[in-house]
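Taken together, the values in this text are just the output of simple stated rules run on the coordinates, not laboratory data. Note that the coordinates shown come from a computational prediction; the quantities given were computed from them, not determined experimentally. Virtual Cβ from ideal backbone geometry, glycine too; neighbours counted across all protein chains shown.
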Amino acid sequence: MQARGDAAEERALAFLVDQGLSLVERNVASRLGEIDLVMRDDAAFVFVEVRSRAGNAFGGAAASVGVAKRRRLQREAQRWMNQRFGDRWPPCRFDVCAFDGARLEWIRGAF
């Protein structure tokens with residue numbers, strides 16, 4: 001399970017770099033939550049959640065990013081931004097890279 005998640009994260013990273021984003025940090029975590037990838041898209045910081053499912057049963061990978069997970073991601077992103085920028089944050093957004101089998105869906109500004 002972890003190996004599949006790591007492979008999906010690697011594929012997402014390669015895809016996002018191909019799209020012109022640059023890696024800032026990986027697997028940012030604290031007691032508040034975890035962010036798989038922190039990327040830079042021009043001036044904006046992008047917090048990326050990577051999800052992988054064998055198929056799209058039960059709504060697929062994108063649907064598995066529920067309200068509680070979004071809250072944890074947002075809290076961890078706030079901590080990360082505060083630590084680096086204080087109260088003057090640059091633009092940021094939350095993206096999801098969802099793999100259903102081999103198919104990748106990149107959801108920019110997912111929440």
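Quick notes
- Global size of the range 56-111: 13.7, 42 Å for Rg and Dmax (C-alpha atoms, Rg to one decimal, Dmax whole).
- Take every pair of alpha-carbon atoms less than 8 Å apart whose residues are at least six positions apart; their mean separation over the length of the chain yields a relative contact order of 25 percent.
- Between Ala29 and Arg103, the simple label model (points 7 Å from Cα in the Cβ direction) yields a spacing of 3.1 nm.
- Estimated FRET transfer efficiency (Arg79, Asp18; beta-carbon r; R0 41 Å; 0.05): 0.90
- Restricting attention to the chain, close to 65% of DSSP beta bridges with both partner residues there are antiparallel.
- Fully extending the segment from Arg88 to Ala7, taken as 0.36 nm per residue of separation minus the present Cα-Cα distance, adds 25.7 nm.
- For Asp95, Asp42, order by how many other beta-carbon atoms lie within 10 Å, fewest first: Asp42, Asp95
- Legend: ranking of residues Cys92, Cys97 from fewest to most surrounding C-beta atoms inside 10 Å; resulting order Cys92, Cys97.
- Cα-based radius of gyration for the chain, normalised by 2.2 N^0.38 Å, reads 1.03.
- Structure remark: mean-square fluctuation, Gaussian network model of the chain, C-alpha springs under 10 Å; the largest value among Arg11, Arg71, Arg84 belongs to Arg84.
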